[in-house]
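Here's the structure we're looking at; comments come further down.
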Amino acid sequence: MNINPLGSSVDLPITIGTELLVEFQDFTLRTKSELVGMRHNQYLIIVMQHDMSGIRPDVLKESQIIIRYLYRGSVYGFRTSVLNLLNAPDKLVFLTYPKKIEEFRVRSNPRFECILPAVTSVEGLDGETVVIDISIEGCRCVVKSASLEDADAFYKTMDINREAALRVQFPGTGESYELTGSIRNINKDADRIAFGMLFGPLKEETKKRLEDFISLISEVKKKEK
């Protein structure tokens, strides 16, 4: 596990809608939250899932907070504190923008950026998909809302740990292969769904085609350096 300090001048590697694990050190409290907004180098806005009504706002503002989250196969963490609290229309917490971020790499195999057309199947619903990065262990995909017959039903079906299947056609193969696994992280907005998928056991032929494709991308990347 590598720990890399990132300078405060770099952008925070995160997207709106990312699920967060929030630890209030003074209260020995851990709860899940979601990033709903931010202003670069000024503040973050999260929505709380835990009832904080029993804690006085002035006490809460003095508490040190640790935020952890998963982004593109790495776990990130940083320290922050409360700037302000809002109870309506939602339980919003404004946090100080982090001065230092730590990255814990958890992926054992490198991922390579790609553009690979596919179809995602979840609970009998299909969505046209683009695989935007891939490794032997998993991939990250984007489903455009405009491609869905019933976007609302598809959005509700997509969830963490839900089993899913990807039908992809690797370049030069002329046929489709099914990559099966589970959804590990997901970000939804009005225009698209982006999700990370961890592959389960694959058929030998499918695994070989996947390995060949990754090997091809790896060689191309080496030549570009």
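Points to keep in mind about this one:
- Candidate set from the stretch 199-212 (those that are surrounded by 15 or more Cβ atoms within 10 Å (Cβ to Cβ) and touching a Gly at 6+ places or on another chain (Cβ under 9 Å)); member that is farthest from L166 (Cα to Cα): L202
- Within the stretch 133-177, the set of residues being of a type in the set (S, T, N, Q), more than 21 Å from R72 (Cα to Cα) and within 20 Å of the chain's Cα centre (by Cα) comprises S145, T157.
- Qualifying residues in the stretch 121-153 (those that are part of a strand (DSSP E or B) and touching a Pro at 6+ places or on another chain (Cβ under 9 Å)) - the one farthest from E211 (Cα to Cα): E128
- Look at the stretch 171-187: where a residue is surrounded by fewer than 18 Cβ atoms within 10 Å (Cβ to Cβ) and a partner is of a type in the set (K, R) and assigned to a loop (DSSP other than H, G, I, E, B), sitting 6+ places away or on another chain with Cβ atoms under 8 Å, you get E178/K203; S182/R162.
- Considering the stretch 97-127, the residues that are among the aromatic types (F, W, Y) and over 14 Å from R140 (Cβ atoms) include one that is modelled with the lowest pLDDT, namely F104.
- So V168, is it under 21 Å from T18 (Cα atoms), modelled with pLDDT of 90 or more and of a type outside the set (S, T, N, Q): no
- Residues in the stretch 84-98 that are hydroxyl-bearing (S, T, Y) and surrounded by fewer than 16 Cβ atoms within 10 Å (Cβ to Cβ): T96 only.
- With respect to the conditions (1) of a type outside the set (A, V, I, L, M); (2) surrounded by 11 or more Cβ atoms within 10 Å (Cβ to Cβ); (3) at pLDDT below 75; (4) within 21 Å of G37 (Cα to Cα), D51 lacks only one, and its number is (2).
The values are calculated or read from the model by the stated rules, or taken from the named source; none is laboratory data. Everything quoted here is computed from the prediction, not taken from an experiment. Using ideal geometry, Cβ is built from the backbone for each residue, glycine included, and neighbour counts are taken over all protein chains shown.
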